[in-house]
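Enquirer: One structure, pasted below without further comment.
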Amino acid sequence: MLEIKAKLKIRRSAYKLEIRGRLKLPFDSRQKSRLHAKLESGEEVALVLPRGDVLRGGDLVTASDGRVIEVVSQPENLLNLECETPAALAAVAYHLGNRHVPVEIGDGYLRIAADHVLEDMARKLGARVTPLEAPFEPEAGAYGAGAGHRHDEMGHGGKIHEFGDAQNDDHDHHNHHHGHRK
């Protein structure tokens, strides 16, 4: 079976590369470091990537036989959320973040994976909710690669919820509070 072990770290335009396969995956699969999948050609592949790496649509990966393969974001069922004001949209984003929900942030909208509970919450917060099918590219986590900026040098976000070296980290990520202090 063909193994995919690394993302190319160079810009796509740096060299003339021959793309010799396409790997189409939904977001949930693109954030796994170990996975059996199939190329669009039907050939089976095994992802064996470093832990915490997230594949983004347009990423290029290398296969064990030397081929360069393009990652394609598979369209999936999403909810597009829009509000009357930026403050109202920020409130919806706050509540989604409080639930650690992957969120794609666009100019005047948020997108999340379709979920009836979150859809109801967003509506109660005043959001217009539109179901759609589209590729899903949520933000990288605040502690992941590219923190503070949406894309890395290749135009893609980094890790989704990776906190770095837990032994050298003073912040307790699992015992934090989401309530208001008085």
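Enquirer: Test of understanding: among VAL54, VAL71, which residue is open to solvent by less than 50 Å² (accessible area, probe 1.4 Å), on the phi < 0 side of the Ramachandran plot, part of a loop (DSSP other than H, G, I, E, B) and not polar (S, T, N, Q)?
Expert: VAL54
Enquirer: Further question on the same structure: I'm trying to understand the selection: among the residues of the range 97-116, which are assigned to a loop (DSSP other than H, G, I, E, B), among the acidic types (Asp, Glu) and either in contact with a strand residue (DSSP E or B) (Cβ under 8 Å, 6 or more places away or on another chain) or surrounded by 15 or more Cβ atoms within 10 Å (Cβ to Cβ) (or both)?
Expert: Matches in the range 97-116: ASP115 only.
Enquirer: Residues that are part of a strand (DSSP E or B), charged (D, E, K, R) and loosely packed, with under 12 Cβ neighbours inside 10 Å: does the range 117-133 have at least one?
Expert: There is at least one residue in the range 117-133 that is part of a strand (DSSP E or B), charged (D, E, K, R) and loosely packed, with under 12 Cβ neighbours inside 10 Å.
Enquirer: Within the bounds of the range 160-169, is there any residue that is open to solvent by 50 Å² or more (accessible area, probe 1.4 Å), outside any helix (DSSP H, G or I) and at pLDDT 50 or above?
Expert: The answer is no; no qualifying residue exists.
Enquirer: A further question on this structure: Give me a count of the residues in the range 1-20 that are of a type in the set (Lys, Arg) and more than 23 Å from GLN31 (Cβ to Cβ).
Expert: Going through the range 1-20 one residue at a time, the tally reaches 2.
Enquirer: Regarding SER29, is this residue under 21 Å from the mean Cα position of the chain (by Cα) and either among the hydroxyl-bearing types (Ser, Thr, Tyr) or at positive phi (or both)?
Expert: yes
Enquirer: Please tell me if ARG11 is assigned to a loop (DSSP other than H, G, I, E, B), more than 19 Å from the chain's Cα centre (by Cα) and in contact (Cβ under 8 Å) with a residue 24 or more places away in the chain.
Expert: So ARG11 passes the test.
Enquirer: Can we say SER29 is in a loop (DSSP other than H, G, I, E, B) and of a type outside the set (Lys, Arg)?
Expert: Taking the combined requirement at face value, the residue does not satisfy it.
Enquirer: Restricting attention to the range 52-94, which residues are of a type outside the set (A, V, I, L, M), free of Cβ contacts under 8 Å to residues at least 40 places away in the same chain and closer than 29 Å to GLU119 by Cα?
Expert: Of everything in the range 52-94, those that are of a type outside the set (A, V, I, L, M), free of Cβ contacts under 8 Å to residues at least 40 places away in the same chain and closer than 29 Å to GLU119 by Cα turn out to be THR85, PRO86, TYR94.
Enquirer: Quick check, is LEU96 in contact with a Cys (Cβ under 8 Å, 6 or more places away or on another chain), at pLDDT 95 or above, of a type in the set (A, V, I, L, M, F, W, C) and under 22 Å from ALA140 (Cα atoms)?
Expert: When the stated conditions are applied, LEU96 does not pass them.
Enquirer: Can you tell me how many residues within the range 32-51 are out of contact with any strand residue (DSSP E or B) (no Cβ under 7 Å at 6 or more places or on another chain) and either free of Cβ contacts under 8 Å to residues at least 12 places away in the same chain or not in a loop (DSSP other than H, G, I, E, B) (or both)?
Expert: 1
Enquirer: Just to be sure before I move on: is PRO26 open to solvent by less than 40 Å² (accessible area, probe 1.4 Å), under 25 Å from GLU133 (Cα atoms) and not aromatic (Phe, Trp, Tyr) in the structure I sent?
Expert: In short, yes.
The values are calculated or read from the model by the stated rules, or taken from the named source; none is laboratory data. Just so it is clear, the model here is predicted, and its values are computed rather than measured. For neighbour counting, all protein chains shown are included, and Cβ atoms are generated from backbone atoms with ideal geometry for every residue, glycine included. To get the accessible areas, we keep the full protein, side chains included, count just its heavy atoms, and leave off ligands, DNA and RNA. Shrake-Rupley method; radii C 1.70, N 1.55, O 1.52, S 1.80 Å.
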